[in-house]
Amino acid sequence: MAPIVIKSILISESVDPCCKKVLEENGIQVTEKLNLTKEDLISEIKNYDGLVVRSSTKVTADIINAASNLKIIGRAGTGVDNVDVDAATKHGVIVMNTPSGNTISAAELTCILITSLSRHVPQAAMSMKAGKWDRKKFMGAELFGKTLGIVGLGRIGKEVASRMQSFGMKTIGYDPITPREVTAGWGVEQMTLEELWPQCDFITVHTPLMPSTTGLLNDASFAKCKKGVRVVNCARGGIIDEDSLLRALESGQCAGAGLDVFVEEPPKNRALVDHPNVISCPHLGASTSEAQARCGQDIALQIVDMVKGKGLVGAVSALVSLPVGMEMGYGHCNGIEMSNETGAFSIHHSGLLVCSRTGVEFPDSGWCLWGGEGFG
Ligand SMILES: NC(=O)c1ccc[n+]([C@@H]2O[C@H](COP(=O)([O-])OP(=O)(O)OC[C@H]3O[C@@H](n4cnc5c(N)ncnc54)[C@H](O)[C@@H]3O)[C@@H](O)[C@H]2O)c1
Ligand SMILES: O=C(O)[C@H](O)COP(=O)(O)O
């Protein structure tokens, strides 16, 4: 791989200081400017070879078009839905993420929301602070023996399963890509969504936000659930349709929701946040010192490796420039096996890889196809 020259990088969000340190130790000049408006970013970006962001900076096509020197957009975290990967690819800008750095933190917050929902801990704590001693109102239910449905059995889904199994929960799930025999090895029985909905006491979603996952839980799927199901979304706002969730909470079909993410962040419509049976957080899944240190260090090291011509670990957009029908590589990731099997992936206009044989959409996350870590 030919080395790529990166002399200056703009960090536009609160990224762990080790990111700046590693880049500077490798001769890259780093400027940190937080809370830039879109207009500020458009006028600033031409001065930099690289941009490092988290999820708040919306790196839209107009920003990328104005970035005459930009060669790399580094996402210190997992989701790249705040970056216009198509526009970046068209401009030859590499988009890179650090998908495993915050897995444990996101999984832990998910489990905290599940356990809090079962015992109303946040509501009880607020009532204590209000000077009350209300033991009847906060009667809960044990998690032991209950069924947790996990939709999306990738990195975070797997970690959630093992933690909740230690509470004695039965874990079932659905994932169109991770093989059933692999998740059976983690104690997760896979089934169709139609089979899954009516069995669950709790449902947690861990997919990327894509056309096929938008509104996965909607009026129709809530209607198939047990009355009183509790749901958690620590993935992306919109995977659980927000209007349907509110209706299900109001009718009692859904007894509680734990939400870390919203369609609009921060949410202007406060109906869900204000609902008494909703526990919500301001997108805190990755907000631990450990996750931030890992993501900050990983993105810096990946950029340095790219500059030195050592590799393109975490590259997301590079895939889009590969020809349809290419050989993607070898490994035990099912996506790779399928590419070898079919040689028939096409690049969807939204940046998704779509297998023409199965119609399965792959998120454009480089880890699974480049890293070869698969589902080990
Ligand atoms: N709240 C936070 O701060 C936070 C932190 C980290 C990650 N995330 C988000 O969590 C989500 C999961 O992250 P991850 O690292 O586990 O990703 P991952 O890529 O490891 O796993 C996602 C899984 O979803 C599966 N999937 C795709 N389409 C599906 C569908 N239609 N139905 C069911 N499963 C489907 C994929 O096959 C994959 O196994 C992402 O949306 C990510 O952006 C949020
Ligand atoms: O996709 C992610 O990595 C998470 O949503 C975390 O986003 P953040 O880096 O903005 O906290």
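None of the figures in this text is laboratory data; all of them are computed from the coordinates on show. If you're wondering where the values come from, they're calculated on a predicted model, not measured in any experiment. Quick reminder, even Gly has a Cβ in these numbers, built from the backbone with ideal geometry, and neighbours come from all protein chains shown.
From the alpha carbon centroid of the range 225-281 to that of the range 21-97 is 32 Å.
Couplings 3J(HN,Hα) for the range 113-127, derived from phi with the Karplus relation 6.51 cos²θ - 1.76 cosθ + 1.60 (θ = phi - 60°), are 5, 5, 5, 5, 5, 6, 10, 6, 4, x, 5, 5, 5, 5, 5 Hz, where x marks Gly and Pro.
Listed by chain and number, the lysines whose alpha-carbon sits under 28 Å from that of Lys129, ignoring those within fewer than 8 places in the same chain, are Lys137, Lys268.
Working note: Cα atoms of the range 68-213, range along each principal axis, descending, whole Å: 63, 44, 24.
Note on Asn47 and Ala271: with the Förster distance fixed at 45 Å, the Cβ-Cβ geometry gives a FRET efficiency of about 0.60. Straightening the chain between Thr115 and Val5 buys 34.8 nm, computed as 0.36 nm per residue apart minus the Cα-Cα spacing. Per-residue Cβ neighbour counts within 10 Å put Thr110, Thr98 in the sequence Thr98, Thr110, beginning with the fewest. The mean sequence distance of close C-alpha pairs (under 8 Å, at least 6 residues apart), as a share of the length of the range 234-282, puts its relative contact order at 42 percent. The label-point distance for Lys90 and Met139, in a model that sets each label 7 Å from Cα toward Cβ, rounds to 6.0 nm.
Computed from backbone phi with θ = phi - 60° and the Karplus coefficients 6.51, -1.76 and 1.60, the 3J(HN,Hα) list for the range 264-280 is 10, 10, x, x, 6, 7, 9, 4, 6, 4, 7, 5, x, 9, 10, 10, 9 Hz; x is used for glycine and proline.
If you add up the charges near Ile104, with Lys and Arg at +1 and Asp and Glu at -1, over every other residue whose beta carbon is less than 12 angstrom from its beta carbon, what do you get?
Details: positive: Arg155, Lys158, Arg163, Arg294; negative: Glu108, Glu159, Glu290.
So the surrounding residues net to +1.
Here the range 52-202 is assigned +1 on the Cβ of each Lys and Arg and -1 on the Cβ of each Asp and Glu. Its dipole about the Cα centre then comes out at about 720 debye.
Spherically averaged projected area of the convex hull of Cα atoms, the range 156-235: 5.2 nm². Net charge of the neighbourhood of Asp201, taken over other residues with C-beta under 12 Å away and scored Lys/Arg +1, Asp/Glu -1, is +4.
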